[in-house]
Amino acid sequence: MDYRASIVRWLADETGVLSEQIDDWLEIPPQPELGDFALPCFQLARSLHKAPLAIAKELAEQASVYLDRKIQVQVVGGYLNFFIDRASYISHVVTKTLKAGEQLGVSDEGEGKTVIVEFSSPNIAKPFHVGHAFTTILGHALYRLYDRLGYRVVRMNHLGDYGTQFGKLIVAYRLWGDETALQHEPINELLRIYVRFHDEAKDRPELESEARQAFRKLEAGEKAEKELWQRFKDLSLQEFSAVYQRLGVEFDNYNGESFYSDRIPEVVDLLRRQGLLVESEGAQIVPLEEYDLPPCIVIKSDGTTIYASRDLAAVLYRIERYQFFKNIYVVGSPQALHFRQVFAVLDKAGIPEAKNCVHVGFGLVKFPDRKLSTRSGDVILLSDLLNESVEKTLTTIRENAQIRQTDMSEEEMQSIAEKIGLSAVIYTFLRNSRERDIVFSWDEMLDFDGDSAPYVQYTYARARSILRKAEEAGLLSKQIESPAVLDHDDEFALAKLLDGFTEAIRRAVALNEPYILVRQVTSLARTFNKYYNSESILGTADPVVRAARLRLLQAVCLGIRTGLDLVGITAVERM
């Protein structure tokens, strides 16, 4: 019996409120004595024109007549608390989870709707540093979550391949470029000359004018500038691809800023026709006082384009090409004003899709002892961070293998270390709300007992080890149906976490917050470890109870593996 669904249907019938709304309001109380589900009747006060306590009492009276006998109701203040039969609930959840199998959490609610997720978007000719990890990892997780709910997701890598900085790079290469170095270590060489440009420009301000002139030539399609720019781009993409492949990240579209440059006249014409474009100190701007925003510059005073003009062109292209349901930008929170201006210009121009454009911001990446700056050359490459995480993990695995005298080969240990090391970095970016800054700590990232990827992965490996032993002993049945014989507190807690799996995905998508699912999976791992340390599974004397516990364990493994996979983390069978 699906108790939650039964409660929701009954409440919808009694109150006349849509089932979807009731389902959103129905809570799982923080303390078990407050019930297994609870409805805050304050939500109904306005529509029913009654006090919350009166609503709760009336519903409780009706519940005794119309609800299943296995659901008990209690009124506490303005809350209607539901207590359900644990054994049948656990049986239902385990059976439902195992029947779902690899389709756990799959939904068709996004069918026929296209969601664009723009993420990663590194700058060409610059290192792929740890600052790019946040958008890459967060965007990839959002893609997988939206995809799970049936949306058609288009993964856009809006490359930073245009702008005045390329004028600087072209000038720098012509003055100080080393062709041999460019062939062997392209990104390092491009970073070297870019940093030198900024150092030299402090005493030679004419370099800035030369850079602006070089960019104007690039925008005009001059052959020499365009060939250099294309070479810088091709070399950069080769290096980026290696990082993406390692993280399991793919894209459907690599249209960078340059792709939209010839579409900017269309934007300018649209804004002029509507009388929105105003000249200000030689620049073309759109005033946004009514949105309580500073004006948005569309064309700079020197006639070149800017981020906003290219983003406006990109939205118009995406409307035409994809007719999107939602257009998501996974870009750092410091860019919030920029996106508010772009969306406001679209709205002012009467583009209805403006309301479907969403900026998903995130915090900063910090190291306790340093700041990151491309201009100064002080960067930490993401590939170096991943390598260090894998090496530290491999050291721990080797030490544990020696202590436990396992038969793991060096090749197997390296393979496991690669999965855990990468996962430790991914988990670090997704463990909390995306708007919180991240301060790296190796002790926390690789803590096998804390809130970390290694902890969850180790829990999964431990659970899988039990199931392998059960299978070897002939105790693992292929039957999916689970008898109603389990009612332990931890068994009930595990069932509630499994039952909330799909809802966690929905909430993560609704708020664009993958951490909601990450915490659900981490809680599942913690609750299982508590259960494992207090109750026997394989050693259970009653064969019926033992079989039910093994099925519960199978469901827990399925939940952990699926949840990790949905945020880009790989589960490991052995550690």
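Would you be able to say whether some residue in segment 31-44 is touching a helix residue (DSSP H, G or I) at 6+ places or on another chain (Cβ under 6 Å), farther than 22 Å from residue 563 by Cβ and modelled with pLDDT under 90? Yes, because at least one residue in segment 31-44 is touching a helix residue (DSSP H, G or I) at 6+ places or on another chain (Cβ under 6 Å), farther than 22 Å from residue 563 by Cβ and modelled with pLDDT under 90. Is it fair to say residue 335 is at pLDDT 95 or above and either within 25 Å of the chain's Cα centre (by Cα) or surrounded by fewer than 17 Cβ atoms within 10 Å (Cβ to Cβ) (or both)? Taking the combined requirement at face value, the residue satisfies it. Residues in segment 238-248 that are touching a residue at least 60 places away in the same chain (Cβ under 8 Å) and either assigned to a helix (DSSP H, G or I) or surrounded by 20 or more Cβ atoms within 10 Å (Cβ to Cβ) (or both): 239, 240, 242, 243, 244, 246, 247. In the set 441, 415, only one residue is more than 22 Å from residue 573 (Cβ to Cβ) and among the hydroxyl-bearing types (Ser, Thr, Tyr); that residue is 441.
Of everything in segment 138-174 that is assigned to a loop (DSSP other than H, G, I, E, B) and among the small types (Gly, Ala, Ser), the residue that is surrounded by the fewest Cβ atoms within 10 Å (Cβ to Cβ) is 150. Might you let me know whether segment 270-278 holds any residue that is surrounded by 13 or more Cβ atoms within 10 Å (Cβ to Cβ) and of a type in the set (S, T, N, Q)? No, there is no match, as no residue in segment 270-278 is surrounded by 13 or more Cβ atoms within 10 Å (Cβ to Cβ) and of a type in the set (S, T, N, Q). Checked against the criterion of being surrounded by fewer than 18 Cβ atoms within 10 Å (Cβ to Cβ) and either farther than 19 Å from residue 338 by Cβ or among the charged types (D, E, K, R) (or both), segment 308-319 has no qualifying residue. Residue 301 - would you say it is surrounded by fewer than 21 Cβ atoms within 10 Å (Cβ to Cβ) and assigned to a loop (DSSP other than H, G, I, E, B)? Here the answer is yes, as residue 301 does meet what is asked.
Is there a residue being assigned by TED's automatic domain parsing to the domain that holds residue 160, in a helix (DSSP H, G or I) and under 13 Å from residue 126 (Cα atoms) anywhere in segment 207-228? Spell out how you get there, then give the answer.
Just the residues of segment 207-228 that are assigned by TED's automatic domain parsing to the domain that holds residue 160, to begin with: 207-228.
The next check asks that each one be in a helix (DSSP H, G or I); those that pass are 207-219, 223-228.
From what is left, the residues that are under 13 Å from residue 126 (Cα atoms) are none.
Among the residues of segment 207-228, not one is assigned by TED's automatic domain parsing to the domain that holds residue 160, in a helix (DSSP H, G or I) and under 13 Å from residue 126 (Cα atoms), which makes the answer no.
Within segment 56-71, which residues are under 41 Å from the mean Cα position of the chain (by Cα) and assigned to a helix (DSSP H, G or I)? 56, 59, 60, 63 - these are the residues of segment 56-71 that are under 41 Å from the mean Cα position of the chain (by Cα) and assigned to a helix (DSSP H, G or I).
Going by what's in this entry, would residue 112 be described as within 26 Å of the chain's Cα centre (by Cα) and surrounded by fewer than 20 Cβ atoms within 10 Å (Cβ to Cβ)? It is true that residue 112 is within 26 Å of the chain's Cα centre (by Cα) and surrounded by fewer than 20 Cβ atoms within 10 Å (Cβ to Cβ).
Any chance segment 466-473 includes a residue that's surrounded by fewer than 17 Cβ atoms within 10 Å (Cβ to Cβ), in contact (Cβ under 8 Å) with a residue 60 or more places away in the chain and in contact with a Lys or Arg (Cβ under 9 Å, 6 or more places away or on another chain)? Checked segment 466-473: no residue is surrounded by fewer than 17 Cβ atoms within 10 Å (Cβ to Cβ), in contact (Cβ under 8 Å) with a residue 60 or more places away in the chain and in contact with a Lys or Arg (Cβ under 9 Å, 6 or more places away or on another chain). List every residue pair whose Cβ atoms sit under 6 Å apart, with the two residues 6 or more apart in sequence or on different chains, where the first one lies in segment 317-337 and is assigned to a loop (DSSP other than H, G, I, E, B) and the second, anywhere, is surrounded by fewer than 21 Cβ atoms within 10 Å (Cβ to Cβ) and at pLDDT 95 or above. Cβ pairs passing all conditions: 324/114; 325/113; 325/114. Annotation: residue 221 fulfils all but one of (1) modelled with pLDDT of 95 or more; (2) within 17 Å of residue 162 (Cβ to Cβ); (3) small (Gly, Ala, Ser); the unmet one is (1).
Is it the case that some residue within segment 317-328 is over 21 Å from residue 218 (Cβ atoms), touching a Leu at 6+ places or on another chain (Cβ under 9 Å) and either acidic (Asp, Glu) or not assigned by TED's automatic domain parsing to the domain that holds residue 132 (or both)? For segment 317-328, residues over 21 Å from residue 218 (Cβ atoms), touching a Leu at 6+ places or on another chain (Cβ under 9 Å) and either acidic (Asp, Glu) or not assigned by TED's automatic domain parsing to the domain that holds residue 132 (or both): absent. Considering only segment 507-517, I want to know if a residue exists there that is crowded, with 19+ Cβ neighbours inside 10 Å, charged (D, E, K, R) and under 16 Å from the mean Cα position of the chain (by Cα). The answer is yes, given that some residue of segment 507-517 is crowded, with 19+ Cβ neighbours inside 10 Å, charged (D, E, K, R) and under 16 Å from the mean Cα position of the chain (by Cα). Within segment 5-20, take every residue that is in contact with a helix residue (DSSP H, G or I) (Cβ under 8 Å, 6 or more places away or on another chain) and more than 19 Å from residue 61 (Cα to Cα) and give me the one that is surrounded by the fewest Cβ atoms within 10 Å (Cβ to Cβ). The qualifying residue surrounded by the fewest Cβ atoms within 10 Å (Cβ to Cβ) is 18. Taking the stated definitions as given, is residue 107 of a type in the set (Ser, Thr, Tyr) and surrounded by fewer than 23 Cβ atoms within 10 Å (Cβ to Cβ)? Yes: the conditions hold for residue 107. Inclusion of residue 282 among residues that are within 23 Å of residue 212 (Cβ to Cβ), more than 34 Å from the chain's Cα centre (by Cα) and of a type in the set (Gly, Ala, Ser) is warranted. Provide a single number: the residues in segment 402-413 that are surrounded by fewer than 18 Cβ atoms within 10 Å (Cβ to Cβ) and in a helix (DSSP H, G or I). Qualifying residue count, segment 402-413: 6.
If we scan segment 457-471, do we find a residue that is outside any loop (DSSP other than H, G, I, E, B), at pLDDT 90 or above and among the acidic types (Asp, Glu)? Step through it out loud before you land on a result.
Of all residues in segment 457-471, those outside any loop (DSSP other than H, G, I, E, B) come to 457-471.
Subsequent filtering for residues that are at pLDDT 90 or above retains 457-471.
Narrowing the set further to residues that are among the acidic types (Asp, Glu) leaves 471.
Checked segment 457-471: at least one residue is outside any loop (DSSP other than H, G, I, E, B), at pLDDT 90 or above and among the acidic types (Asp, Glu).
Of the set (1) farther than 23 Å from residue 255 by Cβ; (2) outside any helix (DSSP H, G or I), all apply to residue 195 but (2).
Listed here are the residues, each with its yes/no results for (1) part of a helix (DSSP H, G or I); (2) without any contact (Cβ under 8 Å) to a residue 24 or more places away in the chain; (3) under 30 Å from residue 319 (Cα atoms).
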| residue | (1), (2), (3) |
| --- | --- |
| 47 | yes, no, no |
| 54 | yes, yes, no |
| 82 | no, no, no |
| 94 | yes, no, no |
| 101 | yes, no, no |
| 134 | yes, no, yes |
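Residue-wise test of (1) acidic (Asp, Glu); (2) at pLDDT 95 or above.
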| site | (1), (2) |
| --- | --- |
| 216 | no, no |
| 225 | yes, no |
| 241 | no, no |
| 244 | no, yes |
| 276 | no, yes |
| 286 | no, yes |
| 305 | no, no |
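For segment 425-456, what are the residues that are within 18 Å of residue 513 (Cα to Cα) and in a helix (DSSP H, G or I)? Hits for segment 425-456 are 425, 426, 427, 428, 429, 430, 453. Scan segment 26-57 for residues that are buried (at least 17 other Cβ atoms within 10 Å of the Cβ) and not aliphatic (A, V, I, L, M) and the total you get is 6.
The values are calculated or read from the model by the stated rules, or taken from the named source; none is laboratory data. This structure is a prediction, so every number in the text was calculated from the model and none was measured. Ideal geometry is used to build each Cβ from the backbone, glycine not excepted, and the neighbour counts take in all protein chains shown.
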